[in-house]
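To start, the structure under review is shown below, and the notes come after it.
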Amino acid sequence: MKLLRKSIPIVLTFMVASAFAGTEVSSKETPPLEPTGCVAPPDTEFRFGLPGWISGLSGEFGVRGIVTEQDLKFADILKDLDMIAAGSLYARYHRWEIFADGQYIKISDTASLRGILFQEANVGLKSAFAEAFLGFRVINCQAGVLSLFAGARYNYMSADVHLRGARLQSIRASGEIDWVDPVIGASGKVRVYKPISFYAKGDIGGFGANSDFTWQVQGGFEVQLTRSMYTDIGWRYLKNDYTSGGFVNKTELNGPFLETGINF
């Protein structure tokens, strides 16, 4: 895992820097990281998107000391889904970027327990996150970009856990909690062919401030469908490791990612 996290900025830099062979030379002076063939994009850019993350949920989840092991495929989540909402936005002025996204999901599930005292747990889960970042493009060219960013991820968790006894009387517990983790990362995009680009993003956070550690990777292809409409098709993975006051969220969200939106 450590090797993957350390490799992300290096790989992104190599991808972007290798995309400029044969590109027309710009008359503007460029920073040291940018090749002499860099042609800058327009000064401003805005995006509004509707993301769809077809993710499964696995790992340990618990409330008030009652911890269950979850292993939900997307089909399971879809079957037990009560509500889902998501959105994203992005704004850029020259090299400076502001971007945010979030998701809310409400599901219920039944999980088998390993112990001999309780045989089954019914879990009702509300989970949400919202993240916002300030970024700076160290490479800012039409053929490819590389950004470094920092920000925060807000997390919310609410649970209702009902343990059905094999040998003991059934127990029920419920509660909710929220927390904020600092996050840093890097992202990059390289134009592959006219309206098609390859993108990648990685971040790490928590650092013991609230979560012990959290990390995320995402990558895929972006297709500019029209002058003002785009779609992203890729894969996204988010790992959480949070324990506090009887709450446990050591889960992984992992699966295909699709986003469609407008840009101008």
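Derivation of every value follows stated rules applied to the coordinates shown; laboratory data play no part. Computed from a predicted model, the values in this text were never measured in an experiment. Every residue, glycine among them, receives a Cβ derived from its backbone with ideal geometry; neighbour counts consider all protein chains shown.
Annotation: extensible slack from N263 through D82 equals 62.1 nm (criterion: 0.36 nm per residue apart, minus Cα-Cα distance). Highest mean packing comes first when the peptides 45-54, 230-239 are listed by Cβ atoms within 10 Å, giving 230-239, 45-54.
Here Q224 and E69 are evaluated by their C-beta separation; at R0 = 45 Å the FRET efficiency comes out at 0.60.
Which entries in K126/K250; K73/K126; K189/K239; K126/K239; K73/K106; K73/K239 show an alpha-carbon gap greater than 19 Å? From the list (K126/K250; K73/K126; K189/K239; K126/K239; K73/K106; K73/K239), the Cα-Cα distance tops 19 Å for K189/K239.
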